[in-house]
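Below: the structure, in structure tokens.
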Amino acid sequence: MRPAGGSALLDVEIKQKTFVTAAGERLEVLRDIGFVLGRGEVAVFVGPSGCGKTTMLRIIAGLDRDYRGRVVRPPGARVGMVFEEPRLLPWRSVEDNVRLAAPNADGARLAALFAILELTQHRTHYPGELSLGLARRVALARAFAIDPDVLILDEPLVSLDDVLAAHLRDELMALVDSRPVTTLLVTHDVNDAVRLGDRIFLMSSRPAHVEAEVPIATPRMARGENEIAAIKAMIARRTSGNRTATTRDAS
Ligand SMILES: Nc1ncnc2c1ncn2[C@@H]1O[C@H](COP(=O)(O)OP(=O)(O)OP(=O)(O)O)[C@@H](O)[C@H]1O
Ligand SMILES: [Mg+2]
């Protein structure tokens, strides 16, 4: 699964990841996951709930080193991550949460980010004053603010309304097109997968591995509605029965 051309930036080979549960049982979560992402590629992962997607992302981000295998990130790469839960510091304002993560980001850039994410009027608010959707947007701002080379997004658009989710999807696309950001996105939403992904990986149930990569002929920005519909249908066919993927809207 090596991308044609370009330097391979992110090389993932996870042979095995197991947890020991509180009851003392071994739980094998990941087995033989391997892929290489080229610089700036956007990989989308779709898989059943509980199969191990978050576990895989945490390993790739370097947050969990207790596994067999290897993950080669580019030396010095800045990694931005948005978790399923926003994980903001409750005693810091929205603005400070972002500034603490990105102390070198200049004011104009932060202002633009807050505007894009419709957070300008919330800059002085504290996380306890935010809805979950707003908190998710702050988590996105925090990840973008560091100007990441690798961006890891774990269901970042969940719990946002359709209009805002579509808007943020466009913003995400603009961001990853503005400079090469190698991106890994986990989603259950087929629209997000098809509209954002350069490559779409379908993951198996636990222990998770990449079951298939959906072939896509056209670059993301050039994909027409017919092709988008065909890719969605292919994902739906391949994931039918395991409630892996849903569709947020009818588009
Ligand atoms: N720290 C842990 N200790 C023990 N088991 C864990 C731990 N973290 C996760 N698990 C188990 O590992 C499996 C995979 O969890 P993970 O969160 O990676 O799934 P997921 O694919 O992200 O699911 P979802 O789509 O619901 O977010 C689950 O069975 C989960 O209960
Ligand atoms: Mg998860």
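No value in this document is a laboratory result; all are computed from the given coordinates. What you see is a predicted model; the values in this text were computed from it and never measured. Note that each Cβ is placed from the backbone with ideal geometry, even for glycine, and that neighbours are counted across all protein chains shown.
Taken along the Cα-to-beta-carbon direction at a fixed 7 Å, the label points for HIS125 and ASP96 span 1.7 nm. The label-point distance for ASP66 and ASP11, in a model that sets each label 7 Å from Cα toward Cβ, rounds to 2.7 nm. Helix-only arithmetic for the chain: the sum of -39500 (n - 2.57) across DSSP H runs with n ≥ 4, divided by the residue total, places the mean residue ellipticity at 222 nm at -10000 deg cm²/dmol. Relative intensity of segment 86-148 on a log10 scale, I(q)/I(0) at q = 0.29 Å⁻¹, equals -1.42, per a Debye sum over C-alpha point scatterers of equal strength in the absence of solvent.
Net charge near PRO90: determine it from the other residues with C-beta under 12 Å of the C-beta of PRO90, scoring Lys and Arg +1 and Asp and Glu -1. Taking every other residue near PRO90 into account, the sum is 0. Eigen-decomposition of the gyration tensor built on the alpha-carbon atoms of segment 161-214 gives equivalent ellipsoid semi-axes of 23, 15, 8 angstrom, largest listed first. Between VAL158 and ASP32, the distance separating the two model label sites (each 7 Å from Cα on the Cα→Cβ line) works out to 2.9 nm.
Taking other C-beta atoms within 10 Å as the exposure proxy, ASP149, ASP162 rank ASP162, ASP149 from fewest upward.
For the chain, modelled as a GNM whose springs connect Cα atoms under 10 angstrom apart, the maximal fluctuation among GLY40, GLY76, GLY128 occurs at GLY76.
Pairwise inverse Cα distances across the chain, averaged and inverted, put the Kirkwood hydrodynamic radius at 18.8 Å. Fully extending the segment from MET173 to ARG109, taken as 0.36 nm per residue of separation minus the present Cα-Cα distance, adds 21.3 nm.
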